[in-house]
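The structure appears right after this line, and notes come after that.
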Amino acid sequence: MDAASVVIESILNLPLHALDQVAREAINDRLPSDYLETLTGQDKIDALRACLIICFLTSSTIVPRVFQLQASIATLNQHDTIITAGTGSGKTLCLLIPMLLRPRSMSVTILPLKRLQATQVLECQKYGIRTIAINEDTPNDPALWKSIKLGEYQHLIVSPEQLGMYKD
């Protein structure tokens, strides 16, 4: 386990009172405190963990904004979300946070543009999330497909035309 994984695992195991204290010490003036005060229970724990993990992984340059936390918490609570925001506004973080908070989960994103798929794969990998793009360029390699089937990737980015193409 690398150093980043160890830190993330320790953040994931902190109880609420410790999370609150560590977040205030580490992030303080950039923490979305007004929003966090509206949360209780697991939602508050998840939001604080998200703030700490993202801050750590980005060397303190990024702290999730309220809309990113709201969308991530909605996803974690199994609610549908629609995010309308411009290019470069941080929508990708809304996908990454749930995967970072639930590292044993698997997620599928349906994305039609290969260039955007490649960008998303790189972004996920920056955060240590094993991701693969599945499109018409994905090799027909039995070992690769077996690794996908066995869950070696936490995030699958699939083009619409590839949905349903795989036959066991």
Which loop chymotrypsin sites (Phe, Trp or Tyr not before Pro) in region 97-168, with loop taken from DSSP, have no more than 15 other Cβ atoms within 10 angstrom of their Cβ? Tyr166
In deg cm²/dmol and to the nearest 500, what is the mean residue ellipticity at 222 nm of the chain if only DSSP H runs of at least 4 residues count, each as -39500 (n - 2.57), divided by the residue total? -15000 deg cm²/dmol
Express in whole angstrom the spacing between the alpha-carbon centres of region 3-43 and region 107-168. 31
Report, by chain and number, residues whose modeled amide H sits under 5 Å from the one on Ile134, excluding near sequence neighbours (fewer than 5 apart, same chain). Ile157, Val158, Ser159
Under the rule a/c < 1.5 gives rounded, and otherwise a/b versus b/c splits prolate from oblate, where does region 106-167 land using the Cα gyration tensor? oblate
Assuming 1.567 mPa s and 4 °C, estimate D for region 1-103 with Stokes-Einstein, Rh taken as the Kirkwood radius over Cα pairs, in µm²/s. 94
For region 106-167, calculate the relative contact order in percent as a whole number, restricting contacts to Cα pairs under 8 Å that are 6 or more residues apart. 52
Which residues' amide hydrogens lie under 5 Å from the amide hydrogen of Ser107, considering only partners 5 or more residues apart or on another chain, with H built in the peptide plane? His155, Leu156
FRET E, pair Ile110, Thr61, Förster distance 30 Å, beta-carbon r, rounded to 0.05: 0.50
Per-residue HN-Hα couplings for region 21-32 [Karplus 6.51, -1.76, 1.60; θ = phi - 60°; Hz; x = Gly/Pro]: 5, 5, 4, 5, 6, 7, 10, 6, 5, 9, 6, x
With all protein chains present, how much of the accessible area of region 49-134 (probe radius 1.4 Å) comes from carbon and sulfur, to the nearest whole percent? 57
Assuming R0 = 25 Å, what is the FRET efficiency of Leu12 and Thr119, from their Cβ-Cβ distance, to the nearest 0.05? 0.40
So, for the chain, what is the accessible surface per residue at a probe of 1.4 Å, expressed in square angstrom? 59
Tilt of helix 66-76 relative to the longest C-alpha principal axis of the chain, in degrees (0 to 90, nearest 10)? 60
In degrees between 0 and 90, to the nearest 10, how far off the longest principal axis of the chain does helix 3-12 point, with axes built from Cα atoms? 60
Too-long pairs where the Cα-Cα distance tops 29 Å, listed order kept, from Lys114/Lys146; Lys126/Lys149; Lys44/Lys149; Lys44/Lys146: Lys44/Lys149; Lys44/Lys146
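The values are calculated or read from the model by the stated rules, or taken from the named source; none is laboratory data. Owing to the predicted nature of the structure, the values given are computational and were not obtained by experimental measurement. Cβ sites come from the backbone with ideal geometry, for glycine too, and all protein chains shown count toward neighbours. For accessibility, only protein heavy atoms count, side chains too; no ligands or nucleic acids. Shrake-Rupley method; radii C 1.70, N 1.55, O 1.52, S 1.80 Å.
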